[in-house]
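Structure first, commentary second.
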Amino acid sequence: MSGVQSVDRALDLLEALAELGGEAGISELAARTALPYGTIHRLLRTLLARGYVRQESDRRYALGGALVRLGGVAEGMVGEWAQPYLTRMVELSGETANLAVLEGDFIVYVAQVPSPRRLRMFAEVGRRVLPHSTAVGKVLLAARPEPEVAALIDRTGTPRRTANTITGHPAMLDALRRVRSQGYAMDLGEEELGVHCLAVPVHDGGRVVAAMSVSGPAERIDALDLEELARGMRRIADEFGAELAPRALPTPNRS
């Protein structure tokens, strides 16, 4: 196995673990990556030694702590890359623009450009919130399979943040279907009363890897043409996603 091929396959394993919820057995990894068992065992030994994966007591494998440091640095860099795109969203809407990602069961805000207006909204960079009550959270959940979303809701619940918060499995799954249909999500005072937010997905190739939003006082957001705003935001988010997307490479030989 060549060095470059080994790196490619090791990354396949890490991505497969992430897609499988952070942990998996050998058979699940083989089914997801189409790699031979012997290859998987060899690569996992190296990843274990470097701390990028760990082995649980039931012999399943999980993402390791060494990824936390890389992830923190990468998030900071992505936040920097997002700044000009968020600035364009502020110019488009007049409101504060945010970039958020889904980490485990929580939404994390990784970048923000504030509105120039005196009365404006702030979501502190680094803040972690449950996804069900935010527009960015709904956009990111809508990109996941419904069984995965249901499992997340089982773990976290849907605590009522305000009188407007959507709670419970059926209502949340219905809301996410609407997000998929219309291509954007709204938070209508569901996280904080008097604050409305519109969010769109950021696609990295075929995946949704982040969400971008604008938020402001309810009366100002409601006065905008939301369909037109969503179209403009999606154009900006698509340009940002194209910058994040991996360069096209030849499909590796899986033999």
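Listed here are the residues, each with its yes/no results for (1) surrounded by fewer than 16 Cβ atoms within 10 Å (Cβ to Cβ); (2) charged (D, E, K, R).
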| site | (1), (2) |
| --- | --- |
| Pro159 | yes, no |
| Ala175 | no, no |
| Arg178 | yes, yes |
| Val200 | no, no |
| Asp225 | yes, yes |
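Considering only segment 203-228, how many residues are modelled with pLDDT of 95 or more and either touching a helix residue (DSSP H, G or I) at 6+ places or on another chain (Cβ under 6 Å) or basic (Lys, Arg) (or both)?
Matching residues across segment 203-228 total 5.
Looking at this structure, is Val149 at pLDDT below 95, among the aliphatic types (A, V, I, L, M) and touching a helix residue (DSSP H, G or I) at 6+ places or on another chain (Cβ under 8 Å)?
yes
Hey, Leu17 hits all of (1) buried (at least 20 other Cβ atoms within 10 Å of the Cβ); (2) at pLDDT 90 or above but one; which does it fall short on?
Status for Leu17: all satisfied but (2).
Any chance segment 132-152 includes a residue that's surrounded by 15 or more Cβ atoms within 10 Å (Cβ to Cβ), touching a strand residue (DSSP E or B) at 6+ places or on another chain (Cβ under 7 Å), charged (D, E, K, R) and in a helix (DSSP H, G or I)?
yes
Which of the numbered conditions does Arg128 fail, given that it passes all the others? Conditions: (1) surrounded by 15 or more Cβ atoms within 10 Å (Cβ to Cβ); (2) within 13 Å of the chain's Cα centre (by Cα).
(1)
Under 6 Å between Cβ atoms, which residue pairs at least 6 apart in sequence (or on different chains) link something in segment 111-125 that is touching a residue at least 40 places away in the same chain (Cβ under 8 Å) with a partner that is in a loop (DSSP other than H, G, I, E, B)?
Ser115/Glu95; Arg120/Pro114
Quick check: is even one residue across segment 34-50 under 22 Å from the mean Cα position of the chain (by Cα) and in contact (Cβ under 8 Å) with a residue 12 or more places away in the chain?
no
The values are calculated or read from the model by the stated rules, or taken from the named source; none is laboratory data. Here the structure is a predicted model, which is why all the values come from computation and not from measurement. Ideal geometry is used to build each Cβ from the backbone, glycine not excepted, and the neighbour counts take in all protein chains shown.
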